[in-house]
């Protein structure tokens with residue numbers, strides 16, 4: 001997917017949960033969410049699912065997204081404020097469950113994937129994208 005389509009997909013998700021993304025427009029501080037999702041579109045379905053669950057636990061609309069990104073091959077979502085019906089422990093457990101799922105989903109296309117570690121870089125990829133990007137089907141670390 002090209003960059004323009006990627007941005008269109010991001011905006012569709014952001015529009016559904018607009019109140020969660022208020023920090024995109026905060027000043028004078030620049031929050032990381034201002035730069036959008038820092039991962040590829042293969043995880044957008046996971047992002048949409050977790051935002052749906054956070055929203056369902058947030059009747060007072062207090063939840064605010066600080067950052068959404070890939071880190072060490074997994075999906076990380078950081079909150080600035082938690083949903084009104086979840087304490088921080090419950091919210092973090094929910095996000096951790098999606099982080100664990102992301103290690104089984106290709107970040108590029110959303111197909112089943114595995115963690116690829118190549119020259120210190122971590123990314124969860126399907127066999128097709130592992131081959132395209134790294135020219136190999138297995139990790140370089142046993």
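Values in this text are rule-based calculations from the coordinates and carry no lab data. The structure presented is a predicted model; accordingly, all values stated were derived computationally and were not measured. When we count neighbours, we look across all protein chains shown, and the Cβ atoms used for this are built from the backbone with ideal geometry, even at glycine.
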Self-check item: Where labels lie 7 Å past Cα in the beta-carbon direction, separation of residue 78 and residue 27 in nm
Solution: 2.3 nm
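Give me the extension gain from residue 100 to residue 9: residue separation times 0.36 nm, minus the current Cα-Cα distance, reported in nm with one decimal.
Numbers: separation 91, 0.36 × 91 = 32.76 nm, distance 2.28 nm.
My answer for the length gained is 30.5 nm.
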Quiz item: Cα-based Rg of the range 63-131 per 2.2 N^0.38 Å, rounded to two decimals?
Solution: 1.26
Exercise. Mind pulling the angle between the C-alpha long axis of helix 44-56 and the longest principal axis of the chain? Nearest 10 degrees, somewhere in 0 to 90.
Key: 20 degrees
Quiz prompt | Residue-averaged 222 nm ellipticity for the chain, from DSSP H runs of 4+ at -39500 (n - 2.57), nearest 500 | solution = -11000 deg cm²/dmol
Quiz item: With springs only between Cα atoms under 10 Å, which of 123, 67, 101 fluctuates most in a Gaussian network model of the chain?
Solution: 101
Quiz item: In whole Å, what three semi-axes, largest first, describe the equivalent ellipsoid of the chain built from its Cα gyration tensor (square root of 5 times each eigenvalue)?
Solution: 29, 16, 13
Quiz prompt | Inter-label distance, nm, simple model (7 Å from Cα along the C-beta direction), residue 109/residue 49 | solution = 1.9 nm
Exercise. Kindly put 80, 58, 2 in sequence by how many other C-beta atoms sit within 10 Å of each C-beta, fewest to most.
Key: 2, 80, 58
Quiz item: Any idea how far apart residue 18 and residue 127 come out in nm if each label point goes 7 Å out from Cα toward Cβ?
Solution: 4.5 nm
Quiz item: What is the distance in Å between the Cα centres of the range 98-130 and the range 46-72?
Solution: 21 Å
Exercise. Pick out which of 120, 110, 73 has the largest mean-square fluctuation in a Gaussian network model of the chain, springs linking Cα atoms closer than 10 Å.
Key: 120
Exercise. Rank 40, 107, 93 by mean-square fluctuation in a GNM of the chain with C-alpha springs under 10 angstrom and give only the top-ranked residue.
Key: 93
